[in-house]
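Take a look at the structure set out below.
The values are calculated or read from the model by the stated rules, or taken from the named source; none is laboratory data. Since we're looking at a predicted model, the values are computed, not measured. Using ideal geometry, Cβ is built from the backbone for each residue, glycine included, and neighbour counts are taken over all protein chains shown.
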Amino acid sequence: MLTENLLDPHNWVKAHADYLYAFTLSRINSHEQAKDLVQETFLAALQKVEKFEGRSSERTWLTAILKNKIIDVYRKKSSGLGNTIEKNAEEEQRDFFEEDNGHWTEIHQPMPFGIEDHDPLTGKEFNQILQKCMQKLPSLWMSVFTMKHIDDETTDLICNELRVSQANFWVIIHRTKLSLRACLQKNWI
């Protein structure tokens, strides 16, 4: 079979474990859970070797399996949390944006982050602080934000996978951005 020639399970750990671990850690923020998910990915891949069609690279195929495992974690963390929205989204937006033109109100206007110089060390520091700020988010918010802005998933897919309505999705995105902005302004600037 051609598939067996394309896959090399004996070298998966050596060739892909570090990449998959880093990929997972940037989305889950738990070292132990990231290790577990990579192991689960390898086990699931071994069980599905015969289904590999060779249309993608071995790493891409393993990453796709891992993404599904990460979505399962998001789903478990967020189950039952989708209906906890207390305030009307439109009312909340009025607190932060001017009604007539949609611009930030003066009091809530974002301050510059100071990352425009593209210094690699500054970027690394910023990413560390961003990760810490993301860890403070409620599970559902972090899941939605990560899927939308890190994984570039579609809104429909996120809503279906996490079982949230479109209205809840947009409120969650809005609140997440406000929370991250406040955290970054407090810890970065």
Just for region 149-189: of the residues that are among the acidic types (Asp, Glu) and in a helix (DSSP H, G or I), which one is nearest to the chain's Cα centre (by Cα)? GLU161
For region 1-70, which fully contained helices (runs of 4 or more DSSP H) count at least 3 residues that are closer than 18 Å to SER143 by Cβ? 12-28, 31-47
In region 1-31, residues that are surrounded by fewer than 12 Cβ atoms within 10 Å (Cβ to Cβ), at pLDDT below 85 and among the polar types (S, T, N, Q) total 1
Please determine, by comparing only the residues of region 133-174 that are free of Cβ contacts under 8 Å to residues at least 24 places away in the same chain and among the acidic types (Asp, Glu), which one is surrounded by the fewest Cβ atoms within 10 Å (Cβ to Cβ). ASP152
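Okay, residues lined up against (1) assigned by TED's automatic domain parsing to the domain that holds PHE145; (2) modelled with pLDDT of 90 or more; (3) surrounded by 15 or more Cβ atoms within 10 Å (Cβ to Cβ):
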position	(1), (2), (3)
LYS48	no, yes, no
LYS51	no, no, no
GLU58	no, yes, yes
TRP61	no, yes, yes
LEU66	no, yes, yes
LYS69	no, yes, yes
VAL73	no, no, yes
Going by the structure shown, is PHE96 surrounded by 13 or more Cβ atoms within 10 Å (Cβ to Cβ) and modelled with pLDDT under 85? yes
Top-ranked residue of region 1-53 - restricted to ones that are of a type in the set (Gly, Ala, Ser) and out of contact with any Phe, Trp or Tyr (no Cβ under 9 Å at 6 or more places or on another chain), ranked as farthest from ASN127 (Cα to Cα): ALA44
